[in-house]
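A short write-up of the structure that comes next.
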Amino acid sequence: MSDAPDHSPTLAALSISDRLGQAMPYILIPVLVVLGFLAIGSTSSWLTLTVSGLAMGMMIFLMASGLTLVFGLMDIINFGHGAFISVGAFVGVSVLMAMGGWTTAPSLPLNLIAVLLAILAATLVTGILGWGFERVIVRPVYGQHLHQILVTVGGLIVIEQMIHVIWGPHEIFLTRPETFQGAITYWGAALEKFRLLAVVLGLIVFVTMRLVLRRTKIGLIVRAGVQNGEMVQALGYRLRLVFVGVFIAGSALAGLGGVMWGLYQEVITAGMGEEMMILVFIVVIIGGLGSVEGAFIGALLVGLTQNYIAFLEPKLALISNIGLMAVILMWRPQGMMPVVKAK
Amino acid sequence: MSDDILTLKGVYTDIAQYHILADLDLNVPRGGVTMLLGRNGVGKTTTLRTIMGLWAAKKGQITLDGTDLTALPTSDRARLGIGYVPEDMGIFTDLTVAENMILAAAGGGLDAKRMEWIFGAFPALRTFWTSEAGNLSGGQKQMLAIARAMAEERQLYLIDEPTKGLAPAIVSTMAGALRDLKKQGASILLVEQNFAVAKALGDTAAVMDDGRVIWTGEMAELANDADLQERLMGLSMETL
Ligand SMILES: Nc1ncnc2c1ncn2[C@@H]1O[C@H](COP(=O)(O)OP(=O)(O)OP(=O)(O)O)[C@@H](O)[C@H]1O
Ligand SMILES: [Mg+2]
């Protein structure tokens, strides 16, 4: 046998259409924004709707990001994810109400601290709840999809009932902290302050997640695990532990999304998380299972579409997102940026 | 301590309701290459996956250098020093070549000297260090799979058909790297259908049929006995 020949390696250069295909999902957002502008005509309405759509998208992204990773890593369908949204909202709102003066004072720092404390409490409680949920409800049904659906829906119902027991059976109305009420006017468009806050927060979370996933070893393990969990274990990593960590983080992010959504709607109910799950699942599916970036883009598309359509053709608002999903799945049946191999 | 780095005793493995391995005994001597041979579908891949704990052995015992692996999860077996190259290579296609290698060195960072050795065997990996592994050619992916197993010093290498579907030039690159690994005193359990490669690398051989090992002996003895090959594998290896 001869020595290794010095074969010249070839790596098919990415063709222009490949590159375009990879960037396409990102391009969709500006395209949609421009289309919205053309259809709406009025700059101020368009700006208001765009900010509102982005804010809504960011909040949905918070709720969806954990779910897509959980699905990608362990092939778990968790219908109970909505429970963390509701619990996060109730815990966060309770904390805000308990702080009374800090939220009614017209002081940005005090209001901000109040909101951050509410977020801290909500994510802490939902993170711990997620840890328990994984141990008690999810772990016994690995690899059994039908059981997962039944058992996680059961968990959802139990947690919703617990909310009724602790916080009473009625919805709770609230007012946002003083500084986050009202709007600023820009180019003649009214931009609600709270929506701007939601956009900033969503961006921070997305950029942080991306950094963790791309720049740290644990992120590397998560990304590899989404693709091929067996091989990650065969290289010596305890995927179970990683998964539990991701489940906890995903639950906490859902809790964060819940607080933000509660403050946005200024009313919270035990069923609010369950109601959001339709949009969350749409986002996870069109984004591509297992893809945080896909979920981010998908969430923004859903938020923008819903707001534009509600303005242009209110009758179509309810079905606009189903329509969006249908169009995207016709284009890419695996979602925009699938990570999980088709099974 | 015996001279065997790995022993399997009376191992049974089921996949779903199918009995795949039945009463399998196998010894892998310390240092050198043991060939695991047999017709398609006799359970070679299943044997390697059972050693890694990717399938659970229903019965029997697996020991690595005196440590009972049977109850350990896959990750612990890997940490004890098993480098595994699966039949489908198990490349993380969305990660770069570098990221694949970093993950493979689970015990710490990549060692510069070892990397020089790996780059020497597989220059393509240096060229495409920062490229997505999914864009590599089939042969380059196989090199990466083997390089990952070599990323750290291992007690034992489990390598499943490293030359499958490769062009002859790349087959010899692969064989060269494995011979190099062997020269350094590594213990290797190798599944290989390419007769020339098997003959050149193998010290001992174990032939499987229907989920158990039916013959063990010197590779040279098997390689030079066409009748024996015919009897054990249903055809002479020259024709493979
Ligand atoms: N996931 C699975 N589900 C059901 N049966 C399986 C599965 N994987 C393998 N088998 C069966 O187990 C038997 C042994 O398969 P295995 O892959 O171990 O054979 P092999 O010796 O590696 O074959 P080859 O030379 O073709 O790679 C085969 O009959 C195969 O059909
Ligand atoms: Mg095989």
- Query: Cross-link list A:K217/B:K164; A:K217/B:K182; B:K141/B:K164; B:K141/B:K183; B:K58/B:K164; B:K44/B:K183: which exceed 20 angstrom alpha carbon to alpha carbon?
  - Reply: A:K217/B:K164; A:K217/B:K182; B:K141/B:K183; B:K58/B:K164; B:K44/B:K183
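Summing Lys, Arg as +1 and Asp, Glu as -1, what charge do residues with Cβ under 12 Å from the Cβ of A:M209 carry, A:M209 excluded?
Values: positive: A:R210, A:R214, A:R215, A:R223; negative: A:E293.
Cβ neighbours under 12 Å give a net charge of +3.
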- Value of relative contact order over chain B, rounded to a whole percent, pairs C-alpha under 8 Å and six or more apart: 26 percent
- Task: For B:D203 paired with A:I113, estimate the spin-label separation in nm (one decimal), with each label point 7 Å from Cα along the Cα-to-Cβ line.
- Result: 7.1 nm
- With labels modelled as points extended 7 Å from the Cα through the Cβ direction, what inter-label distance (nm, one decimal) is found for B:E87 paired with A:R19? 4.0 nm
- Note on the structure: Note to self, chain A gives a 222 nm [θ] from helices alone (DSSP H runs n ≥ 4, -39500 (n - 2.57) apiece, / all residues, nearest 500) of -24500 deg cm²/dmol
- Of the GluC sites (Glu not before Pro) in the stretch A:118-203, which ones lie in a loop per DSSP and count no more than 12 other C-beta atoms within 10 Å? none
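How far, in nm, would the chain grow between B:R114 and B:T130 when pulled straight, counting 0.36 nm per residue and subtracting the alpha carbon separation?
On the way: separation 16, 0.36 × 16 = 5.76 nm, distance 1.82 nm.
Extra length from B:R114 to B:T130 when fully extended: 3.9 nm.
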- Message: Could you work out how much longer the chain between A:L312 and A:R238 gets when fully extended? Use 0.36 nm per residue separation minus the Cα distance between them, nm to one decimal.
- Response: 21.6 nm
- Determine the gain in length on full extension of the stretch B:I214-B:R30; use 0.36 nm per residue of separation and subtract their C-alpha separation, reporting nm with one decimal. 64.1 nm
- Message: What does the structure give for B:95-105 when I average, per residue, the other chain Cβ atoms found within 10 Å of the residue Cβ?
- Response: 3
- Note on the structure: Rounded to the nearest Å, the spacing of the alpha-carbon centers of the stretch B:33-65 and the stretch A:229-291 is 38 Å
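Between B:D3 and A:V207, how high is the FRET efficiency from 1/(1 + (r/R0)^6) when r is the Cβ-Cβ distance and R₀ = 35 Å? Nearest 0.05.
Details: r = 56 Å, r/R0 = 1.59.
After rounding to 0.05, the efficiency reads 0.05.
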- Item | Partner aspartates and glutamates for B:K199 [C-alpha distance under 13 Å; skip if fewer than 8 residues away on the same chain] | B:E218, B:E221, B:D225, B:E238
- Message: If you average the C-alpha positions of the stretch B:177-240 and of the stretch A:73-98 separately, how far apart do those two centres end up, in angstrom?
- Response: 58 Å
- Once the whole set of protein chains is in place, how much accessible area is left on A:S44, using a 1.4 Å probe, in Å² to the nearest 10? 40 Å²
- Relative to the first principal axis of the alpha-carbon coordinates of chain A, what is the inclination of helix A:217-227, with its axis defined by its Cα atoms, in degrees from 0 to 90 and to the nearest 10? 70 degrees
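Roughly to the nearest percent, how much of the accessible area of chain B is carbon and sulfur, given a 1.4 Å probe?
Details: 4740 of 9610 Å².
Solvent-exposed carbon and sulfur of chain B make up 49 percent of the total.
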- Query: What aspartates and glutamates sit close enough to B:K59 to cross-link, taking a C-alpha to C-alpha distance under 14 Å and skipping anything fewer than 8 places away on the same chain?
  - Reply: B:D14, B:D23, B:D25, B:D68
- Comparing A:L263, A:L110, A:L62 in a Gaussian network model of chain A (Cα, 10 Å), the one with the largest mean-square fluctuation is A:L110
- Message: I need the GluC sites (Glu not before Pro) found in the stretch A:242-343, filtered to DSSP loop residues with at most 16 other beta carbons within 10 Å of theirs.
- Response: A:E266
- Message: Please list 3J(HN,Hα) in residue order for the stretch A:200-215, calculated via the Karplus relation 6.51 cos²θ - 1.76 cosθ + 1.60 where θ = phi - 60°; whole Hz, with x for glycine and proline.
- Response: 4, 4, x, 4, 4, 4, 5, 5, 5, 4, 4, 4, 4, 5, 9, 10
- Query: Excluding ligands and nucleic acids, what accessible area in Å² is computed for B:D111 using a 1.4 Å probe, to the nearest 10?
  - Reply: 80 Å²
- As a check on your grasp of the helix formula, calculate [θ] at 222 nm for chain B: sum -39500 (n - 2.57) over DSSP H runs of n ≥ 4, divide by the residue count, round to the nearest 500. -10000 deg cm²/dmol
- Using the Cα centre as the reference, give the magnitude of the dipole from point charges on the C-beta atoms of chain B (Lys, Arg: +1; Asp, Glu: -1; all else neutral), rounded to the nearest 20 debye. 380 debye
- Query: Lys/Arg Cβ at +1, Asp/Glu Cβ at -1, dipole of the protein assembly as shown taken about the Cα centre: which of A:Q306, B:G165, A:M277 is farthest positive-ward?
  - Reply: A:Q306
- Item | Simple label model, 7 Å out from Cα along Cβ direction - A:L120 to A:E266, nm | 2.8 nm
- Average Cα contact separation per residue, the stretch A:43-331, under 8 Å, 6 or more apart, as relative contact order %: 40 percent
- Put +1 on the Cβ of each Lys and Arg and -1 on the Cβ of each Asp and Glu in chain A; which of A:A249, A:V199, A:L220 then has its Cα farthest toward the positive end of the dipole? A:L220
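The values are calculated or read from the model by the stated rules, or taken from the named source; none is laboratory data. Model, not experiment: these values are computed from the prediction. With ideal geometry, Cβ positions are generated from the backbone for all residues, glycine too; neighbour counts draw on all protein chains shown. Just the protein is used for accessible areas: all its heavy atoms, side chains included, with ligands, DNA and RNA removed. Shrake-Rupley method; radii C 1.70, N 1.55, O 1.52, S 1.80 Å.
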